[in-house]
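Engineer: Below is the structure I would like to discuss, written out as structure tokens.
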Amino acid sequence: MAQALFMKPTVMKIYRYILAAVAALSVSAAASAQSKNFNMGKWMEIQNSILKELDRSYVDTLPLARIERAGIDAMLEGLDPYTVYVPEEEQENFQMMIKGVYGGIGAVIYKPDVNGNVIINEPYAGSPAVKHGLVCGDEIVAIDGVSTHGMTSADASEKMRGKPGTTVVLRTKKLHAGETWAAGEEVDVPIVRERILMPAIEYVGMIDEETGYILQSKFTDGVGQAVRDAYYQLKAKGMKRLVLDLRSNGGGLLNEAVNIVSLFVPKGSVVVSQKGKSVGSNMTYKTTTDPVDLKIPIIVLVDSASASASEIVSGALQDLDRATIIGTRTYGKGLVQSIRPLPYNGQLKVTTAKYYTPSGRCVQAIDYAHRNEDGSVGHIPDSLTHEFKTASGRIVRDGGGITPDFEVKSHKYSRLTYSLVLNGVIEQYTLKFVREHPSIAPIDEFHFTDYEDFIAFALDKEFDYRSSAKTMFDEMKKTLDEDGLSESMAKELDALEKSLNIEKEAFLRLKKDEIIPFIEEEIAVRYYYQEAGIKIRLRYDDQLKEALTKPSAV
């Protein structure tokens with residue numbers, strides 16, 4: 001203040017205005033904080049009062065745990081889809097989702113009838129199930145002496161899981177004869193549970209003489225090193241360009257996304273930034289290791305289910321002009337989640353920041369309201385988006401998700417095919433096939449040729465085989481009935497319905513070429529495990545084939 005005594009009157013006046021403004025802002029900030037604290041205390045008091053009154057007055061026994069959990073879930077759902085509460089009893093499943101690891105026997109089970117046996121549907125290669133001789137079609141009669149009759153599939157799965165190193169005894173009705181049992185005989189199979197790792201890299205291979213292919217399904221711990229190893233494996237086989245398939249990859253660990261980008265861009269490159277409310281949430285992630293290859297052409301395949309870390313990788317490689325992104329617009333999930341500990345060993349997965357690509361684009365969709373049926377970002381007009389530039393000056397836009405450099409749509413399947421899959425008809429037929437065929441040809445030679453047998457099987461099953469057009473017609477006719485208009489249009493409606501009706505058998509024959517790949521893939525997995533199924537899928541992957549015709553960035 002001593003200095004102010006020597007200021008000119010006008011300067012003194014301005015100085016006082018500044019001091020007054022600062023004081024007003026301080027008072028305003030304090031009032032805002034006080035108001036926020038008041039509202040927090042107010043609602044906590046109201047909630048506690050409601051619970052106490054319900055406990056005292058409600059006519060029935062109060063299901064306190066259920067309504068408290070419902071209240072917590074509803075509160076968090078009002079924020080975003082990714083902020084969730086994880087109680088102690090759900091920690092194992094939560095860790096499995098993050099790390100892709102659980103303790104168990106390593107097999108997918110099938111329970112067609114709650115009062116029937118559990119069926120081994122899909123054992124994993126090298127798993128304890130395989131080591132102890134379990135094959136697709138074996139039936140589990142009892143688990144640790146408890147009959148599987150009356151168990152749900154979830155109940156049976158829970159009993160088979162457990163701490164690695166512990167033993168579970170499965171009373172098994174064997175599909176095929178073995179050295180010490182006959183086909184159909186029941187035997188006890190003790191299996192030592194192991195740490196089952198769900199691989200983040202599902203397939204690595206050459207799809208032609210020059211093109212290496214990596215199918216990555218998640219971003220779990222260590223996947224960056226796995227992609228590095230896959231690169232060297234493919235390079236040794238003569239790879240001259242690389243396809244990184246991130247379709248349907250829902251993301252995972254941020255640091256692993258950075259590790260993957262670092263393989264192909266100069267050390268010190270910005271991969272992603274995050275900005276949040278707290279200072280600790282604002283960070284920029286750069287590559288810290290030397291790349292393995294700065295020149296190999298790269299194609300990254302994405303779709304509407306490619307989210308989070310997948311969008312970080314594809315967005316960074318696009319902004320740095322290091323890869324060509326091909327497919328359809330990605331999901332638009334650019335929110336950062338952090339894990340916070342809660343009382344009673346619970347955890348809160350809370351959104352703390354947003355992701356931004358090297359050019360400054362926010363990956364997050366503009367809003368949650370305008371989304372497609374699958375939850376991915378819907379159409380956003382250019383007037384609501386902003387232009388950004390890649391390292392070489394190419395224009396890219398924000399608005400949610402990563403827009404590919406070349407849009408290549410995947411095959412759109414008929415409603416009939418979806419119905420066959422979702423109703424388990426193909427899965428049930430596969431089990432029938434396995435029971436009747438002890439072996440099949442090597443996977444590169446295997447083709448499913450007995451489609452007539454499948455038709456006969458499917459005709460005997462109940463499922464909705466209407467076409468999409470017939471489904472829309474039925475809905476329209478129902479609306480017309482409700483509006484009292486159907487009688488006046490009866491003749492026209494009858495003619496249209498007749499033209500839309502198609503017999504189940506005729507429809508199955510019409511969609512033969514579309515259905516056979518699904519049958520082949522399911523059968524291949526049962527004999528040669530998951531990698532064989534991916535080989536079959538690649539055989540029919542028209543989106544990949546078209547992507548290979550596009551120019552790839554160098």
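Engineer: Using a 1.4 Å probe and ignoring any ligands, DNA or RNA, find the accessible area of Val204 and quote it in Å² to the nearest 10.
Structural biologist: Looks like 30 Å² after rounding.
Engineer: Then there is this: With a probe of 1.4 Å, find how much accessible area the range 255-314 has per residue, and write the answer as a whole number in Å².
Structural biologist: Result: 38 Å² of accessible area for each residue.
Engineer: Another question about this same structure. Excluding ligands and nucleic acids, what accessible area in Å² is computed for Leu485 using a 1.4 Å probe, to the nearest 10?
Structural biologist: About 80 Å², rounded to the nearest 10.
Engineer: Also, quick follow-up: Using only C-alpha positions, report the orientation-averaged shadow area of the convex hull of the range 425-554, nm², one decimal.
Structural biologist: The number I arrive at for the range 425-554 is 12.8 nm².
Engineer: Too long at a 28 Å Cα-Cα cut-off: which of Lys333/Lys461; Lys498/Lys545; Lys412/Lys550; Lys159/Lys535; Lys174/Lys511?
Structural biologist: Lys333/Lys461; Lys498/Lys545; Lys159/Lys535; Lys174/Lys511
Engineer: Right, another one. Using the heavy atoms of the protein chains alone and a 1.4 angstrom probe, what is the accessible area of the range 350-505 per residue in square angstrom?
Structural biologist: 60 Å²
Engineer: When the Karplus curve 6.51 cos²θ - 1.76 cosθ + 1.60 is applied with θ = phi - 60°, which whole-Hz ³J(HN,Hα) does each residue of the range 457-463 get, with x for Gly and Pro?
Structural biologist: My calculation for the range 457-463 gives 5, 5, 4, 8, 9, 8, 7 Hz in order.
Engineer: Quick one: of the DSSP bridges fully inside the chain, what percent are antiparallel, nearest 5?
Structural biologist: The antiparallel fraction comes to roughly 75 percent.
Engineer: So if I place +1 on the C-beta of Lys and Arg and -1 on the C-beta of Asp and Glu, and nothing else carries charge, what would the dipole magnitude of the chain be about its Cα centre? I want it in debye, nearest 20.
Structural biologist: Computed about the Cα centre, the dipole is about 3100 debye.
Engineer: Accessible area, 1.4 Å probe, largest first: how do Phe457, Phe507 sort?
Structural biologist: The most accessible residue leads, giving Phe457, Phe507.
Engineer: Further question on the same structure: Quick one: which residues, 5+ away or cross-chain, put their amide H under 5 Å from the amide H of Tyr203? H built at 1.01 Å from N.
Structural biologist: Under 5 Å from the amide H of Tyr203: Leu215.
Engineer: Additional query: Sum up the lysine pairs in the range 220-332 that clear both bars: alpha-carbon distance under 28 Å and a spacing of 8 or more or different chains.
Structural biologist: 14
Engineer: Separate question: What FRET efficiency, computed as 1/(1 + (r/R0)^6) with R0 = 22 Å and r the Cβ-Cβ distance, is obtained for Ile46 and Leu342, rounded to the nearest 0.05?
Structural biologist: The computed FRET efficiency comes out at 0.55.
Engineer: Then there's this: With a 1.4 Å probe and all protein chains in place, put Trp43, Trp181 in order of accessible area, largest first.
Structural biologist: Putting Trp43, Trp181 in descending order of accessible area: Trp43, Trp181.
Engineer: If you don't mind, there's one more thing I want to ask. What nm value, rounded to one decimal, do you get for the distance between Lys461 and Asp290 when each label is placed 7 Å out toward the C-beta?
Structural biologist: With each label placed 7 Å out from Cα toward Cβ, I get 5.5 nm.
Engineer: If amide hydrogens are placed 1.01 Å from N in the peptide plane, which non-local residues have theirs closer than 5 Å to the one on Asp138?
Structural biologist: Those qualifying (amide H under 5 Å, at least 5 residues apart or on another chain) are Ile120, Leu175.
Engineer: Give me the base-10 log of I(q)/I(0) for the range 139-253 at each q in 0.15, 0.18 Å⁻¹, Debye formula, one uniform scatterer per Cα, rounded to two decimals.
Structural biologist: Log10 of I(q)/I(0), two decimals: -0.82, -0.88.
Engineer: From largest to smallest, what semi-axes in whole angstrom does the chain give when each is the square root of 5 times an eigenvalue of its alpha carbon gyration tensor?
Structural biologist: 48, 33, 30
Engineer: I would also like to ask the following. What are the lysines whose alpha-carbon lies under 28 Å from the alpha-carbon of Lys52, with same-chain residues fewer than 8 places away excluded?
Structural biologist: Partners within reach: Lys36, Lys42.
Engineer: Using θ = phi - 60° and the Karplus form 6.51 cos²θ - 1.76 cosθ + 1.60, what ³J(HN,Hα) does each residue of the range 230-236 get, whole Hz, x for Gly and Pro?
Structural biologist: 5, 4, 5, 4, 6, 4, 5
Engineer: How long are the three semi-axes of the equivalent ellipsoid for the range 408-461, computed from the Cα gyration tensor as the root of 5 times each eigenvalue, in whole Å, largest first?
Structural biologist: Gyration-tensor ellipsoid for the range 408-461: 22, 18, 10 Å.
Engineer: Modelling each spin label as a point 7 Å along the Cα-to-Cβ direction, I'd like the Tyr451/Met472 distance in nm, to one decimal.
Structural biologist: Taking the two extended label points, one gets 2.6 nm.
Engineer: With a 1.4 Å probe and all protein chains left in place, how much accessible area per residue does the range 100-225 have, in Å²?
Structural biologist: Per-residue accessible area for the range 100-225 comes out at 44 Å².
Engineer: Something else now. Where does the charge balance sit around Val292 when Lys and Arg score +1, Asp and Glu -1, over other residues with C-beta under 9 Å from its C-beta?
Structural biologist: Summing Lys and Arg as +1 and Asp and Glu as -1 gives 0.
Engineer: When the accessible area of the chain is computed with all protein chains present and a 1.4 Å probe, what percentage of it is carbon and sulfur?
Structural biologist: 55 percent
Engineer: Using the Karplus curve 6.51 cos²θ - 1.76 cosθ + 1.60 with θ = phi - 60°, work out ³J(HN,Hα) for each residue of the range 304-315 in order, rounded to whole Hz, and write x for Gly and Pro.
Structural biologist: With the stated coefficients, the range 304-315 comes to 5, 9, 7, 9, 6, 4, 4, 6, 5, 5, 5, x Hz.
The values are calculated or read from the model by the stated rules, or taken from the named source; none is laboratory data. Everything quoted here is computed from the prediction, not taken from an experiment. Note that each Cβ is placed from the backbone with ideal geometry, even for glycine, and that neighbours are counted across all protein chains shown. Only protein heavy atoms, including side chains, enter the accessible area calculation; ligands, DNA and RNA are left aside. Shrake-Rupley method; radii C 1.70, N 1.55, O 1.52, S 1.80 Å.
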